[in-house]
Amino acid sequence: MHDKAYALFEQQQQDRGIDLEQVKQKLKALKIETPSWGYGDSGTRFKVFQQVGVPRNPFEKIDDAAQVHRLTGLCPAVAIHIPWDKVDDYEKLKAHAQAQGLSIGAVNPNLFQDDDYMFGSVTNSIPQIRQKAINHLLECVEIAKVVGSNTISLWFADGSNYPGQVNIRTRKRWILEALAELYQALTPDMRMLIEYKFFEPAFYHTDLADWGMAYDMALKLGEKAQVLVDTGHHAPGTNVEHIVAYLLDEKKLGGFHFNSRKYADDDLIVGTINPYELFLIFYQILDAGQDADPAVRKTAENIAYMIDQSHNIEPKIPAMIRSVLNVQTQYAKALLINFDEVRQAQERQDVLAAEHAVRQAFEQDVTPLLAAVREEMGVPVDPMQAYLDSGYAEKIASRGKGGASW
Ligand code: AOS
Ligand code: ZN
Ligand code: ZN
Ligand code: ZN
């Protein structure tokens, strides 16, 4: 059935001047890291609902991540959060991942769940607490070495709730000091990604509140420091794809945390609220991938794509499958942009034609393309249905309730 659909699709795309072989190659190379915490129980400040079958330990989180990869072919790495994923033997964790065809991706230090960090971690006015936070950052580098990860992914909850509560400039210096210590500890093939968010849990000021602050830190630190864009971490109306383009051009875009937002840092399934934004982010990335400057092209090719979501009411594994498929879909659509057409329209200053060239790709139905790619990759054409039919959910039900949560 889909052979016929694909033949028609192929004809349509040829007519639009799209090289489908190249599109397929790019789709097969897409990698999206899933977060270990996305498989555990999570909730809001009102309630954490416990679900049946949630992993009880980091090993079982990796098992679930492996299941997502098996069915989608998209997720060969899983990010870990320390101490949520603290184990006695990290070699063993690495081996457990490898045995299932996975690797450990970004190592995320946790500097927000310790009582000591009530008034800040690396920005705390008590030197011993700042030191404790720095030690944790350094510990994460050691863990990264053992698990074979080359990425330290940083998000700081540090901030204040009221004007006058803290000295913002002093804390800015402290945060740079801590990051510099971490930077020094990185091995040559490691990089650190600096995430920003404008509020929550702090409600007056957050020490790294926006991309400009993260960029400033990354610039001061050096090449191995880059900015991480969490799609949910912006004020309503922010043009996220513009930030993406700017950071790409500065060779400072290192990674993404994908998720959807409606109001704040909602951490909903990526691509469910504003799929066009996700598409436009990929448009900027693919455009930078054709830049005349090889360093910009390299930056675009080395972006770490990661999911960062909390599945509070959704069954975890299907929610993750939905997420990565949504990313794949918007990426596929962006690959169907005829960039020559866009450029020519830009040169003519033809506003409507330029906008049309971009939007037209978004309006393509990529179902036949994704079916063909999945077939060629040897994964189910419908990964979600394949999961529902797999019996995996029934199998993990024996884990019971009360698994890992944050
Ligand atoms: C928090 O809002 C950030 O998105 C971080 O990336 C955080 O570390 C992650 O969501 C796990 O809690
Ligand atoms: Zn994030
Ligand atoms: Zn967030
Ligand atoms: Zn988020």
Helices (runs of 4 or more DSSP H) (entirely within the range 294-372) containing at least 1 residues that are free of Cβ contacts under 8 Å to residues at least 40 places away in the same chain
294-301, 339-347, 351-362
For GLN284: the one exception among (1) part of a helix (DSSP H, G or I); (2) within 13 Å of ligand 4 (Cβ to nearest atom); (3) not acidic (Asp, Glu):
(2)
Checked against (1) among the hydroxyl-bearing types (Ser, Thr, Tyr); (2) farther than 23 Å from ALA304 by Cβ; (3) in contact with a helix residue (DSSP H, G or I) (Cβ under 7 Å, 6 or more places away or on another chain), THR44 satisfies every condition except (3)
Among (1) under 26 Å from ILE80 (Cβ atoms); (2) among the charged types (D, E, K, R); (3) assigned to a helix (DSSP H, G or I), the one test that ASP265 misses
(3)
Number of positions in the range 197-216 that are of a type in the set (Ser, Thr, Tyr), surrounded by 21 or more Cβ atoms within 10 Å (Cβ to Cβ) and in contact (Cβ under 8 Å) with a residue 40 or more places away in the chain:
1
Of the listed residues (LEU278, LEU182), the one being of a type outside the set (Lys, Arg), more than 16 Å from ligand 2 (Cβ to nearest atom) and not in a loop (DSSP other than H, G, I, E, B) is LEU182
Restricting the search to the range 189-224, which residues are among the aromatic types (Phe, Trp, Tyr), within 16 Å of ligand 4 (Cβ to nearest atom) and in a helix (DSSP H, G or I)?
TRP211
Hits in the range 295-315 - residues which are in contact with an Asp or Glu (Cβ under 8 Å, 6 or more places away or on another chain) and either within 16 Å of ligand 1 (Cβ to nearest atom) or of a type in the set (Asp, Glu) (or both)
ALA304, TYR305, MET306, ILE307, ASP308, GLN309, SER310
Matching residues in the range 269-281 (within 13 Å of the chain's Cα centre (by Cα) and either without any contact (Cβ under 8 Å) to a residue 24 or more places away in the chain or within 12 Å of ligand 4 (Cβ to nearest atom) (or both)) number 2
Kindly indicate which of SER103, SER125 is under 29 Å from PRO380 (Cβ atoms), surrounded by fewer than 21 Cβ atoms within 10 Å (Cβ to Cβ) and not hydrophobic (A, V, I, L, M, F, W, C).
SER103
Can you give me the ranges of the strands (runs of 3 or more DSSP E) entirely in the range 54-157 with at least 3 residues that are at pLDDT 95 or above and touching a Cys at 6+ places or on another chain (Cβ under 9 Å)?
103-109
Of (1) surrounded by 15 or more Cβ atoms within 10 Å (Cβ to Cβ); (2) hydrophobic (A, V, I, L, M, F, W, C); (3) in a helix (DSSP H, G or I), ALA397 satisfies every one except (1)
When you scan the range 202-233, how many residues do you find that are within 16 Å of ligand 3 (Cβ to nearest atom) and more than 15 Å from the chain's Cα centre (by Cα)?
10
Right, SER323: within 13 Å of ligand 4 (Cβ to nearest atom) and surrounded by fewer than 22 Cβ atoms within 10 Å (Cβ to Cβ) or not?
no
Neighbours by Cβ (under 7 Å, 6+ apart or cross-chain): first from the range 250-267, more than 18 Å from VAL327 (Cβ to Cβ); second within 10 Å of ligand 2 (Cβ to nearest atom) and at pLDDT 95 or above:
ASP265/LYS197; ASP265/GLY232; ASP265/HIS233
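Of all residues in the range 188-233, which are at positive phi and within 14 Å of ligand 1 (Cβ to nearest atom)? I'd like the intermediate steps shown before the answer.
Of the range 188-233, the ones at positive phi are 200, 222.
Passing the criteria: only GLU200.
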Qualifying position, being buried (at least 22 other Cβ atoms within 10 Å of the Cβ) and more than 14 Å from ligand 3 (Cβ to nearest atom), among ILE273, ILE281
ILE281
Restricting to the range 247-262, name every residue that is away from ligand 2 (no atom under 13 Å from the Cβ) and either in contact with a Phe, Trp or Tyr (Cβ under 8 Å, 6 or more places away or on another chain) or assigned to a loop (DSSP other than H, G, I, E, B) (or both).
LEU247, GLU250, LYS251, LYS252, LYS262
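The values are calculated or read from the model by the stated rules, or taken from the named source; none is laboratory data. As the structure is a computational prediction, the values presented were derived from the model and not from experiment. Neighbour counts run over all protein chains shown; Cβ positions are idealised from the backbone, glycine included.
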